[in-house]
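To start, the structure under review is shown below, and the notes come after it.
Here, each number is a calculation from the coordinates, and none is a lab measurement. All figures in this text were calculated on a predicted structure; none of them were measured in a lab. As a convention, Cβ positions derive from the backbone with ideal geometry for all residues, glycine included, and neighbour counts pool all protein chains shown.
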Amino acid sequence: MKDDVVICRCEDVTYGEIVRAIESGLTTTEELKRVLRCGMGPCQGRTCSRLIARIIAEKTGRDIEEVAYPVVRPPTRPTEIGILAGDDEK
Ligand code: FES
């Protein structure tokens, strides 16, 4: 795969960035998420997590089943933007 192929479309993280991070010693999806932000976009990794796990498995020689997926922390409930902006009259 070419280095400029985008793996995480939400955060614009490329295959090359992920491979370089793995080569520098980051070998879990959580570590890559914290450093590169891949998996932290609007889809919360639904699109990219499996691809990232596959790249980790391929580059580290591990079985993909050994590569854990990152923890997903969705909002506990939807919040209106007005409340976040300080409009709390509702
Ligand atoms: S594609 Fe990676 S978080 Fe959406």
State to the nearest 20 debye the size of the charge dipole of the chain about its Cα centre, where the only charges are +1 on K and R beta carbons and -1 on D and E beta carbons.
200 debye
Quick check: pseudo-label points 7 Å beyond the Cα along Cα→Cβ at ALA85 and ARG20, how many nm apart are they?
3.9 nm
Isolated Cys residues of the chain, judged by Cβ distance under 4.7 Å to other cysteines
CYS10, CYS43
Between TYR69 and ARG9, the two model label points (7 Å from Cα along the beta-carbon direction) sit apart by a distance in nm of 1.8 nm
